[in-house]
Amino acid sequence: MSTEKKQKRQPKRPKTGKGGYCDPPVASQFQPGQSGNRKGRPKGSKNLKTDLEDELNETIEFTERGERKTTSKRRAILKQLAAKAIKGDIRAATLLLKYAQDTDQSKQPESVDDDLLDTEAKRLREFVLREARKLKDTG
């Protein structure tokens, strides 16, 4: 059994604004329309995810088989990772396969072809008509 002390609730006192427990002075209270964090995050500042996306989408130039090419940093990283995986780097292969699996799972199911829907609807209609004829013939 627990031996908890029950605390008595003190009755609510009307706030006077003079100061004291749960009643800060009026002068130090937030004014209407004023935030408590004046030097907070400036408007338009970006978070880490946005900064990372911007960085990975920047283009760089590189030489591949003696030819100058331009691509995004994201693509260049994937090319290097794939090259290391092919050379036998187990960590690179594992990471590359994990990324591939993650992208496969995040893909939305492709829309069903309209022709397929029409074919299925036609088959269903024919089935219903056949069953209706059977019932009419027997009944």
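Bear in mind that the values in this text are calculations on the coordinates, not laboratory data. On a predicted model such as this, the values are computed, not experimentally measured, just so you know.
Read phi for every residue in region 84-90 and hand back ³J(HN,Hα) as whole Hz from Karplus 6.51 cos²θ - 1.76 cosθ + 1.60, θ = phi - 60°, with x for Gly and Pro.
5, 5, 5, 6, x, 6, 5
Once the Cα gyration tensor of region 48-103 is diagonalised, what are the square roots of 5 times its eigenvalues, in whole Å and ordered largest first, as equivalent ellipsoid semi-axes?
Its equivalent ellipsoid spans semi-axes of 21, 19, 7 Å.
Along region 61-67, what does the Karplus equation 6.51 cos²θ - 1.76 cosθ + 1.60 (θ = phi - 60°) give for ³J(HN,Hα), rounded to whole Hz, x for Gly and Pro?
Per-residue couplings from phi come out as 9, 8, 10, 10, 6, x, 10 Hz.
Given the pairs LYS43/LYS73; LYS49/LYS79; LYS49/LYS69; LYS46/LYS73; LYS15/LYS43; LYS46/LYS79, which span a C-alpha to C-alpha distance of over 30 angstrom in this model?
LYS15/LYS43
Got a sec to turn the phi values of region 42-53 into Karplus ³J(HN,Hα) couplings, 6.51 cos²θ - 1.76 cosθ + 1.60 with θ = phi - 60°, whole Hz, x for Gly and Pro?
x, 5, x, 6, 9, 8, 4, 4, 5, 4, 5, 4
Per 0.36 nm of contour for each residue apart, how much would the distance between THR103 and ASP89 grow if the chain were fully extended, relative to their Cα-Cα spacing?
2.9 nm
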